[in-house]
Structures are given as C-alpha cells and as structure tokens.
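The values are calculated or read from the model by the stated rules, or taken from the named source; none is laboratory data. Remember, it's a predicted structure, so these values are computed and weren't measured experimentally. All Cβ positions, even for glycine, are placed from backbone atoms using ideal geometry, and neighbour counts span all protein chains on display. Ligands, DNA and RNA are stripped out before the accessible areas are found, and what is left, the full protein with its side chains, is counted by its heavy atoms. Shrake-Rupley method; radii C 1.70, N 1.55, O 1.52, S 1.80 Å.
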Amino acid sequence: MMLALTLAGLYLGMSVVTFAVYAHDKSAARQRRRRVPEATLHLLDLACGWPGGLTAQRVLRHKTRKTRFLVDFWVTVVVNLAAVACGVWLLGPWDA
C-alpha cells in the first residue's frame, strides 16, 4: 500500500512539474524566446512526468507535429513503465 501511494505521489508531482515546463516552452516558442531543450522534456517524461507531458501535448497542443519528438516521447513512456514495473516486482514482496 505504501509503495502504491509513493508511486502515485511521485507521478502526480512530476506530472505537475513536467506540465509546467512544457507550458513554459510553449510560451517561449510563441514569444520567440530561448526554448527548453527537448532532451530536458524527455528527461522529465522519463522521470515519471510523462502523464503531465502527455496532458500538456493535448491541452496546450504543444510538440504534437514533430514526429521524432513523439517517437522519443513514447519510448520514454515505455522505458519508464518498464523500470517502474521492475522496481515494483523487486520491492513488492517486502512492502506489506
């Protein structure tokens, strides 16, 4: 139970941060200011922030046309979910 709550909090917190960074990048793009590197966005996605990144893509209509970015985004989602699943599998029996 504690592991599930910890993961939920981690995903929620990182999603809020990631959404905010995507929003900042969208604003910078509109105002022709310095942008957030795509590698930074992907790192946030990988670090459990991908639900926020996906929400930002849909709500803000940001980074939805760049095929390479989208492919890399979905790779980060798969890698994140696989890593979390392995961690849960390894920690699960001891988290009673």
Three-way shape call for segment 1-56 based on the alpha-carbon gyration tensor, with the a/c threshold at 1.5:
prolate
Here, LYS66 and VAL78, labelled 7 Å along Cα→Cβ, have an inter-label distance in nm of 2.0 nm
Residue-normalised value, i.e. accessible area per residue, for segment 33-96 at 1.4 Å probe, in Å², stands at 66 Å²
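In segment 1-52, which trypsin sites (Lys or Arg not before Pro) are in a loop and have at most 14 other Cβ atoms within 10 Å, using DSSP for the loop call?
Working: sites: LYS26, ARG30, ARG32, ARG33, ARG34, ARG35; in loops: ARG32, ARG33, ARG34, ARG35.
Counting only loop positions with at most 14 other Cβ atoms within 10 Å, the trypsin sites (Lys or Arg not before Pro) in segment 1-52 are ARG32, ARG33, ARG34, ARG35.
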Mind putting a number on the dipole of segment 4-71 about its Cα centre? Charges go on the C-beta only, +1 for Lys and Arg and -1 for Asp and Glu, and I need it in Debye to the nearest 20.
560 debye
